[in-house]
Amino acid sequence: MPAPYKLPAPPPASLPAINSNRIQNSLYGFMTSQLLFVALDLDVFTTIAHVQTPTVESIYARLSTQGRYRPHSADMLEAFLDGLVGCGFLYKSAQGVYQLPADVTRYLVATLPPQPQQEHEAQNPNFMGGMVAHCRRLYDLWNMLPDVIQTGMPAGGAQQLAEAELRYAELAQALYASNIAPAKKLAHWLKQLLASHNPQAKTIADLAGGTGVWSIALLSALKAQADAKALADISVDIIDYETVLTVTGQFAERSGYGEHIKLICGDLETMTLAPNRYDVVFLAHICHVLGEEASQRLLQQAANSLTPNGIIAIVDFLSDPARSNATWPMIYNLNLRITTPTGRVIQSEQMDAWLNQAGLKAISRFELEPDVWATIAAHNS
C-alpha cells in the first residue's frame, strides 16, 4: 500500500500587497447592475415580498402567472436568484427560502403587502425603480464615451428639454427617497439657525425644486416648533418646469403641506425672481447640471430675492481643487460631460467665487452625506 500523504499546512488566503482584485471587480461590475435591471424587470423583489414562503418553486409559480415575463424553468430562475444572493441582494436559508435584505425591502419592492384592515396592496413611496431604469439608459450613453472624448460633445448630442423633463419625472420618486434623510438633517440645522437669527422667517423658495423634498423637510421641521398660527403664515414657492411640477404636486399633497406650497412654472435660466422676497432659498443639486454661466446667473437672482436676513442653502457635490482624490464626484463629473452640454461638478473655491460675485458669502459649509455638501450663504455685509 502507498504511504499516506503527509499534507503541508494550507497556504494563507491573504493576497499580495499588489493584486488584480480591484481591476477584476471593476471589469465584472456590470454583472451586478444587470442582475438588478433584470430583477426589476421580473418583479423578483416584489414577488418575494408577497410570497409567504419564497422558495424557488413558489417564486416560479407566481412569476409564471403574474410576472412581466415567464422564466424558462425553475432551474434557470434558481441560478438567477442565486446570482442575486451572490452579490448580496437576497439571502437564502439552508432550507432554500429566499429573504430580502432591509435596504432591498425599503427601496426595491414596488408594492407593499396589504396590512390588516387593508384590501389592496399599497405603492411603496420609497421605490427606486425609476433610478434603476435611468441607470440602464446610462449604459447606452456611456458606450459612446470614445465619441464624447473625441468630439467634446455629450453622447447623442445635447439633451432636449422635453426629454430632460420626462427623465426627471421618472426619477422623481427615487430622488425623494434618496434625499429625504439629508434633507431632514439640513432642515434641523436650518431650523436652529432661523430660530436664533431670523425667527420671523416666513417665505421659502425652492429653485428647481423637483419633488420639493428640501423645502418640505424644512416645513416639517418648522412645524415641530411653531404654533398653528405661525405655521399658517409660512409659504413655499417651488419653481420648476411644467412637466416636473406635475410630479411636485403629488409630493406636496402627500406631505400634508399642500396648502403652504405654491407651484410656479418657470425656466430658471431666463426668469427673474422678485427682489427682497424670500427668507430662505434652496438650490439643491441644480448648479452641477446648469454649468458655470447659468449657475452664476441663478445665484445672482437668488441673492437679489433675499430679504436682509435671508439665507441661501446650496446642496451639491463639491470636488477638491486639484481633482486628485478618488471620490464619486470625479466619476460623476465625467457623467455630466457625457449626458449634458454644460454640467460640471463644482469646486468649493469656485462656489465661493460665485457667491462673492453675487454679493454673498458662505457662513457655513458641512457635509450632509459622503461627497454631498451644504453651503449656507448670506448677504456679504
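If you scan region 61-73, which residues turn out to be of a type in the set (A, V, I, L, M) and in contact with an Asp or Glu (Cβ under 6 Å, 6 or more places away or on another chain)?
none
Just checking, which of Arg70, Arg62 is assigned to a helix (DSSP H, G or I) and not hydrophobic (A, V, I, L, M, F, W, C)?
None of the other options fit; the residue is Arg62.
Take the residues in region 343-381 that are in contact with a helix residue (DSSP H, G or I) (Cβ under 7 Å, 6 or more places away or on another chain) and among the small types (Gly, Ala, Ser); name whichever of them is nearest to Gly291 (Cα to Cα).
Gly343
Do we find that Leu193 is in contact (Cβ under 8 Å) with a residue 40 or more places away in the chain and not in a helix (DSSP H, G or I) in this structure?
Criteria not met by Leu193.
Looking only at residues that are more than 17 Å from Gly86 (Cβ to Cβ), β-branched (Val, Ile, Thr) and in contact (Cβ under 8 Å) with a residue 12 or more places away in the chain in region 25-54, which one is surrounded by the fewest Cβ atoms within 10 Å (Cβ to Cβ)?
The extreme case among them is Thr53.
State yes or no: is Ala9 at pLDDT 90 or above and either part of a loop (DSSP other than H, G, I, E, B) or not β-branched (Val, Ile, Thr) (or both)? Spell out the reasoning first.
Working: at pLDDT 90 or above: no; either part of a loop (DSSP other than H, G, I, E, B) or not β-branched (Val, Ile, Thr) (or both): yes.
Against the criterion (at pLDDT 90 or above and either part of a loop (DSSP other than H, G, I, E, B) or not β-branched (Val, Ile, Thr) (or both)), Ala9 does not qualify.
Testing Pro71 on (1) of a type outside the set (Gly, Ala, Ser); (2) within 20 Å of Arg136 (Cα to Cα); (3) without any contact (Cβ under 8 Å) to a residue 40 or more places away in the chain; (4) crowded, with 16+ Cβ neighbours inside 10 Å, one condition comes back false. Which one is that?
Unmet for Pro71, out of (1) of a type outside the set (Gly, Ala, Ser); (2) within 20 Å of Arg136 (Cα to Cα); (3) without any contact (Cβ under 8 Å) to a residue 40 or more places away in the chain; (4) crowded, with 16+ Cβ neighbours inside 10 Å: (2).
Do we have any residue at all in region 145-154 that's more than 17 Å from the chain's Cα centre (by Cα), within 30 Å of Leu245 (Cα to Cα) and modelled with pLDDT under 95? Spell out the reasoning first.
Taking region 145-154 first, the residues more than 17 Å from the chain's Cα centre (by Cα) are 145-154.
The next check asks that each one be within 30 Å of Leu245 (Cα to Cα); those that pass are 153-154.
From what is left, the residues that are modelled with pLDDT under 95 are 153-154.
Yes, some residue in region 145-154 is more than 17 Å from the chain's Cα centre (by Cα), within 30 Å of Leu245 (Cα to Cα) and modelled with pLDDT under 95.
Are any residues in region 84-124 free of Cβ contacts under 8 Å to residues at least 40 places away in the same chain and either under 13 Å from Asp43 (Cα atoms) or in a strand (DSSP E or B) (or both), and if so, which ones?
If the condition is that a residue be free of Cβ contacts under 8 Å to residues at least 40 places away in the same chain and either under 13 Å from Asp43 (Cα atoms) or in a strand (DSSP E or B) (or both), then Tyr91, Lys92, Ala122, Gln123 are the ones that fit.
Could you say which residue among Phe251, Phe282 is aromatic (Phe, Trp, Tyr), touching a residue at least 40 places away in the same chain (Cβ under 8 Å), buried (at least 21 other Cβ atoms within 10 Å of the Cβ) and assigned to a strand (DSSP E or B)?
Unique residue meeting the criteria: Phe282.
Out of the residues in region 303-321 meeting the condition of being at pLDDT 95 or above and of a type in the set (A, V, I, L, M), tell me which one is farthest from Gln347 (Cα to Cα).
Restricting to residues being at pLDDT 95 or above and of a type in the set (A, V, I, L, M), the top hit is Leu306.
Scan region 329-343 and report the pairs whose first residue is on the phi > 0 side of the Ramachandran plot and whose second residue is modelled with pLDDT of 90 or more and of a type in the set (Phe, Trp, Tyr), with Cβ atoms within less than 9 Å and a gap of 6+ or a chain change.
none
Within region 136-145, is there a residue that is closer than 18 Å to Asp43 by Cα and not in a strand (DSSP E or B)?
To start, the set of residues in region 136-145 that are closer than 18 Å to Asp43 by Cα comprises 136.
Still in the list and also not in a strand (DSSP E or B): 136.
Scanning region 136-145, I find at least one residue that is closer than 18 Å to Asp43 by Cα and not in a strand (DSSP E or B), so the answer is yes.
Identify all residues within region 48-78 that are under 31 Å from the mean Cα position of the chain (by Cα) and either at pLDDT 95 or above or among the aliphatic types (A, V, I, L, M) (or both); write none if there are none.
Ile48, Ala49, Val51, Pro54, Ile59, Leu63, Leu77 - these are the residues of region 48-78 that are under 31 Å from the mean Cα position of the chain (by Cα) and either at pLDDT 95 or above or among the aliphatic types (A, V, I, L, M) (or both).
State the number of residues belonging to region 348-367 that are within 20 Å of the chain's Cα centre (by Cα) and crowded, with 17+ Cβ neighbours inside 10 Å.
0
Surrounded by 15 or more Cβ atoms within 10 Å (Cβ to Cβ), over 22 Å from Leu186 (Cα atoms) and of a type in the set (Gly, Ala, Ser) - does that describe any residue in region 324-346?
Yes, that holds for at least one residue.
Can you name the number of the only condition in (1) aliphatic (A, V, I, L, M); (2) touching a strand residue (DSSP E or B) at 6+ places or on another chain (Cβ under 7 Å); (3) not in a helix (DSSP H, G or I) that Ile18 fails?
Ile18 satisfies all of (1) aliphatic (A, V, I, L, M); (2) touching a strand residue (DSSP E or B) at 6+ places or on another chain (Cβ under 7 Å); (3) not in a helix (DSSP H, G or I) except (2).
Checking the condition out of contact with any Gly (no Cβ under 8 Å at 6 or more places or on another chain), crowded, with 16+ Cβ neighbours inside 10 Å and in a helix (DSSP H, G or I), which residue from Glu57, Glu78 passes?
Going through Glu57, Glu78 in turn, just one is out of contact with any Gly (no Cβ under 8 Å at 6 or more places or on another chain), crowded, with 16+ Cβ neighbours inside 10 Å and in a helix (DSSP H, G or I): Glu78.
The values are calculated or read from the model by the stated rules, or taken from the named source; none is laboratory data. For clarity, every value in this text was computed on a predicted model and none was experimentally measured. Virtual Cβ from ideal backbone geometry, glycine too; neighbours counted across all protein chains shown.
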